[in-house]
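Structure first, commentary second.
The values are calculated or read from the model by the stated rules, or taken from the named source; none is laboratory data. Everything quoted here is computed from the prediction, not taken from an experiment. As a convention, Cβ positions derive from the backbone with ideal geometry for all residues, glycine included, and neighbour counts pool all protein chains shown.
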Amino acid sequence: MHMADALLSPAVAGTMYVASAAVAGLSVLKLKKEEKLQEEPTFKRLPTMAVMSALVFAGQMINYTIPGTGSSGHICGGLLLTALLGPYAAFLSMICVLLIQCLFFADGGLMALGANIWNMAFYGCFVGYFLIFRPIMKTKLNTKLKLIIASVTGCILTLQMGAFSVVLETSLSGITDLPFKSFVLLMQPIHLAIGLVEGLATSLILVFVHSTSPDLIKGISEKEVKKSSFKITVLVLVLSVAVIGGGFSLLASGNPDGLEWALFGNTEYSESVTNMGLDEEDYGNKSSVADKAEAVQEKTSFLPDYAFASDSENPLGTAVSGILGSLVVAVIAAGVCFAGGFFRKKKLSKTN
């Protein structure tokens with residue numbers, strides 16, 4: 001669901017940058033406030049933030065086929081991160097993921113980055129947590145059942161919101177080739193299926209974390225936090241990042257993702273799947289701002305489209321992109337923690 005610059009006007013893109021930056025600023029302030037109020041140090045969340053950010057990056061490289069459509073999808077990861085880090089740290093982690101994808105791999109437009117952050121991170125991190133995940137976790141159902149229901153429901157609904165935002169943003173940008181009603185009727189059903197798969201994947205990860213380190217999950221009752229295998233949990237997640245980013249990424253579906261499928265169709269799958277029928281080489285808005293943003297991306301993206309620039313057909317490029325990208329995201333996510341003073345280990349003063 002990474003939007004290209006051509007789908008937005010500079011005015012809409014700028015507005016979305018302001019909105020995403022405002023939420024990022026609020027997240028920083030909230031995290032600093034939470035850190036001061038902590039009765040116990042929360043430094044254990046720092047490696048979790050780094051590893052989970054890397055896992056989301058690697059997971060987004062795995063496009064899974066949506067049967068019978070000629071389309072594919074990938075996880076967004078906002079709700080997954082939020083369940084383990086809380087909404088504010090999760091939102092900042094998602095920014096790290098999307099920023100690296102944009103600058104180093106040319107995945108999503110640079111001018112459209114603010115919109116992509118909003119569409120793929122805001123709903124999962126905030127709407128998904130406060131209105132879906134947290135209320136469900138407060139019910140009296142079995143914990144694992146709550147995690148499954150919250151994950152599936154949260155991912156489906158927040159991905160629907162993100163997909164609808166894409167339609168609104170393109171409509172406000174004045175792209176007449178994308179009639180509002182037709183675009184909605186293509187975007188919402190395909191992202192319903194994509195959200196269902198993401199929800200199931202999210203629930204599997206959270207159920208695993210609950211079985212090893214339940215204290216990492218938000219909304220878990222203190223009565224359930226007995227045994228914790230934090231090191232084992234982190235080790236398994238690190239290995240998962242390496243396997244997914246360096247191995248499974250080679251098996252990703254070649255079908256267009258939900259947004260590309262809606263815009264361009266997939267006539268290789270079926271001649272009838274033309275959908276909006278836009279020309280991939282010439283569509284949407286043209287602007288000097290978009291041209292400058294594209295020029296910046298050409299200089300920064302050393303592995304465009306997750307492949308070697310000199311040999312895009314070499315599968316090694318995908319594996320290198322998965323491992324290197326995951327590592328960079330992990331380092332930057334950890335750097336954000338240190339720079340902001342979040343989750344630092346500190347000595348607690350003893351009171352008599």
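The set of residues in the stretch 52-90 that are surrounded by fewer than 24 Cβ atoms within 10 Å (Cβ to Cβ) and β-branched (Val, Ile, Thr) comprises Ile62, Thr65, Ile66, Thr69.
Can you pull out every residue in the stretch 298-317 that is touching an Asp or Glu at 6+ places or on another chain (Cβ under 9 Å) and assigned to a helix (DSSP H, G or I)? Give the steps one after another, and end with the answer.
The first filter runs over the stretch 298-317 and keeps only residues touching an Asp or Glu at 6+ places or on another chain (Cβ under 9 Å), leaving 301, 304-307, 312, 317.
Those that are touching an Asp or Glu at 6+ places or on another chain (Cβ under 9 Å) and assigned to a helix (DSSP H, G or I): Pro304, Asp305, Tyr306, Gly317.
Give all pairs with beta carbons closer than 7 Å in which a residue from the stretch 280-306 that is within 28 Å of Thr176 (Cα to Cα) and among the acidic types (Asp, Glu) meets a residue that is at pLDDT below 95 and not in a loop (DSSP other than H, G, I, E, B); count only pairs at least 6 apart in sequence or on separate chains. Cβ pairs passing all conditions: none.
So, of the residues in the stretch 307-326 that are under 17 Å from the mean Cα position of the chain (by Cα) and either closer than 14 Å to Leu99 by Cα or modelled with pLDDT under 90 (or both), which turns out to be surrounded by the most Cβ atoms within 10 Å (Cβ to Cβ)? Applying the filter and picking the extreme gives Ser326. Report yes if Ala13 is under 17 Å from Asn119 (Cα atoms), of a type outside the set (Ser, Thr, Tyr) and surrounded by fewer than 22 Cβ atoms within 10 Å (Cβ to Cβ), otherwise no. No: the conditions fail for Ala13. A single member of Ser20, Ser53, Ser72, Ser9 is modelled with pLDDT of 95 or more and touching a strand residue (DSSP E or B) at 6+ places or on another chain (Cβ under 6 Å), and it is Ser72. Identify the single condition in (1) touching a residue at least 24 places away in the same chain (Cβ under 8 Å); (2) surrounded by 15 or more Cβ atoms within 10 Å (Cβ to Cβ); (3) closer than 27 Å to Leu85 by Cβ that Leu186 does not satisfy, given that it satisfies every other one. Single failed check for Leu186: (3).
Within the stretch 1-16, which residues are outside any loop (DSSP other than H, G, I, E, B), over 17 Å from the mean Cα position of the chain (by Cα) and not acidic (Asp, Glu)?
Keep residues of the stretch 1-16 that are outside any loop (DSSP other than H, G, I, E, B), which gives 5-7, 10-16.
From what's left, over 17 Å from the mean Cα position of the chain (by Cα): 5-7, 10-15.
Of everything in the stretch 1-16, those that are outside any loop (DSSP other than H, G, I, E, B), over 17 Å from the mean Cα position of the chain (by Cα) and not acidic (Asp, Glu) turn out to be Ala6, Leu7, Pro10, Ala11, Val12, Ala13, Gly14, Thr15.
In this structure, Asp282 does not qualify as out of contact with any Asp or Glu (no Cβ under 9 Å at 6 or more places or on another chain) and under 19 Å from Leu185 (Cβ atoms). In summary, helices (runs of 4 or more DSSP H) completely within the stretch 55-159 and bearing 1 or more residues that are without any contact (Cβ under 8 Å) to a residue 60 or more places away in the chain occur at 78-85, 87-105, 134-137. When each of Asn285, Asn255, Asn275 is tested for being buried (at least 19 other Cβ atoms within 10 Å of the Cβ), part of a loop (DSSP other than H, G, I, E, B) and in contact with a strand residue (DSSP E or B) (Cβ under 7 Å, 6 or more places away or on another chain), the lone residue that passes is Asn255. When the stretch 17-35 is filtered for residues that are in contact with a Phe, Trp or Tyr (Cβ under 8 Å, 6 or more places away or on another chain) and under 13 Å from Ile117 (Cβ atoms), the ones remaining, listed by number, are Ala19, Ser20, Val23, Ala24, Ser27. Return the residue satisfying two criteria in turn: it lies in the stretch 175-213 and is at pLDDT 95 or above and polar (S, T, N, Q), and of such residues it is farthest from Met3 (Cα to Cα). Within the stretch 175-213, the match that is farthest from Met3 (Cα to Cα) is Ser203.
Just one of (1) hydrophobic (A, V, I, L, M, F, W, C); (2) modelled with pLDDT of 95 or more; (3) in a helix (DSSP H, G or I) fails for Val238. It is (2). Listed by first and then second residue, the pairs linking a residue in the stretch 19-38 that is among the basic types (Lys, Arg) to a residue that is in a helix (DSSP H, G or I), with Cβ atoms under 7 Å apart and 6 or more places separating them unless they lie on different chains, are Lys30/Tyr88; Lys32/Gly340.
Tell me whether the stretch 214-230 contains one or more residues that are more than 27 Å from Ala150 (Cβ to Cβ), at pLDDT 90 or above and surrounded by 14 or more Cβ atoms within 10 Å (Cβ to Cβ). No, there is no match, as no residue in the stretch 214-230 is more than 27 Å from Ala150 (Cβ to Cβ), at pLDDT 90 or above and surrounded by 14 or more Cβ atoms within 10 Å (Cβ to Cβ).
In the stretch 162-180, the residue that is surrounded by the most Cβ atoms within 10 Å (Cβ to Cβ) out of those that are without any contact (Cβ under 8 Å) to a residue 40 or more places away in the chain and farther than 13 Å from Ala262 by Cβ is Ser171.
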